[in-house]
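Working notes for the structure below.
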Amino acid sequence: MTTTIIGIDAEWQTQGDSNLVLSYQWYGIDGTDSWSGIHYPELNGNQNRLKLHQWVSLTLQDHYKGRSWPTEIVLVSHYSPAELSVVGDFGSIKTSIDLVQGTSFATITRPLDLRCYDTNRNQHTLRVHIADTMLLAPDGGKKLENLGEILGLAKLDLPEGYEKDQMLKLLQEQPEAFELYAMRDAEIAAKYLQRIQEQCRDVGLTDRYRPITVGGLAVRIFTNRLEQEGRTYDDLMGVTRRRETTGPRRTTATRSYRNELSNTA
């Protein structure tokens, strides 16, 4: 059973002390189906930014029109703080997700429960897992363009004469080029996570497993291989588990070294 993957990305331009959001874009993958879209907010000084549930609703409305919505999705971006910071309810959202390695947001302890809406205003409750491809990138290749190279999907360059801090100018003067550039980042994030999940299945991990970091994935593959061989991590490391009563009604599991140095005084 596959879970719907939604790659998200946003473009903005700094104006004074704040960022003006120019676009919210997405690339979705559901099994062999894929789709994409973009939303352009009004460009004004008191900009009403999309809340996360509104962004997620937009990503699903057209593709699932007239049929059942998924109940669970993975929302992935490259360097999640940048993309999540442009949602209107970021202040409340960030208290419900985990900060990983001090740099990226992801859902480790529990997914988000979001109330989303289709075009007929029917409500759909979704369990949303947050993932960050930067945490799953190989050492020495953390940039999005590096992941694109792995996929054979090049990150697009800005047209000649434009810089990253001139995205509003690009939107106004070359809207088609702006959209192509913006959409590619969301596509790379979604397809890279799909690749990682496919590789997890190839090495025998269950469909329910969702890797968060490269290190965590390596440990899971290692312990899974031990289980296939009828061994455990504790057995390999020479430790045992025992039950100890620490109070009238409390029992805890502890680990103790099997091979202890004997007293030779």
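Before moving on, here are some points about what is shown:
- Helices (runs of 4 or more DSSP H) wholly inside region 89-182 containing at least 2 residues that are closer than 29 Å to THR71 by Cβ and assigned by TED's automatic domain parsing to the domain that holds ILE38: 90-93, 144-151
- Which listed residue, of LEU126, LEU170, LEU135, LEU112, is surrounded by 13 or more Cβ atoms within 10 Å (Cβ to Cβ), free of Cβ contacts under 8 Å to residues at least 24 places away in the same chain, in contact with a helix residue (DSSP H, G or I) (Cβ under 9 Å, 6 or more places away or on another chain) and not charged (D, E, K, R): LEU170
- Residues of region 1-17 satisfying the condition of being assigned to a strand (DSSP E or B), farther than 17 Å from PHE90 by Cβ and under 14 Å from the mean Cα position of the chain (by Cα): THR4, ILE5, ILE6, GLY7
- Among the residues listed as GLU198, GLU227, the single one being at pLDDT 65 or above, more than 29 Å from TYR79 (Cβ to Cβ) and either in the same structural domain as MET134 (by TED's automatic domain parsing) or not in a loop (DSSP other than H, G, I, E, B) (or both): GLU227
- Screening region 44-88 for residues that are of a type in the set (A, V, I, L, M, F, W, C) and assigned to a strand (DSSP E or B) and picking the one that is farthest from the chain's Cα centre (by Cα) gives ILE73.
- Every residue from region 18-43 that is over 25 Å from ALA177 (Cα atoms) and in a loop (DSSP other than H, G, I, E, B): GLY31, THR32
- Selected residue (only one of SER23, SER34 is small (Gly, Ala, Ser) and closer than 24 Å to CYS200 by Cβ): SER34
- The one condition from (1) touching a residue at least 40 places away in the same chain (Cβ under 8 Å); (2) more than 24 Å from THR4 (Cβ to Cβ); (3) exposed (fewer than 15 other Cβ atoms within 10 Å of the Cβ) that THR119 does not meet is (2).
- You will find that of ILE150, ILE73, the residue that is β-branched (Val, Ile, Thr), surrounded by 12 or more Cβ atoms within 10 Å (Cβ to Cβ), more than 23 Å from TYR181 (Cα to Cα) and touching a helix residue (DSSP H, G or I) at 6+ places or on another chain (Cβ under 9 Å) is ILE73 and no other.
The values are calculated or read from the model by the stated rules, or taken from the named source; none is laboratory data. Keep in mind it's a predicted model, so treat the numbers as computed, not measured. Reconstructed Cβ throughout: ideal geometry from the backbone, glycine too, with neighbour counts over all protein chains shown.
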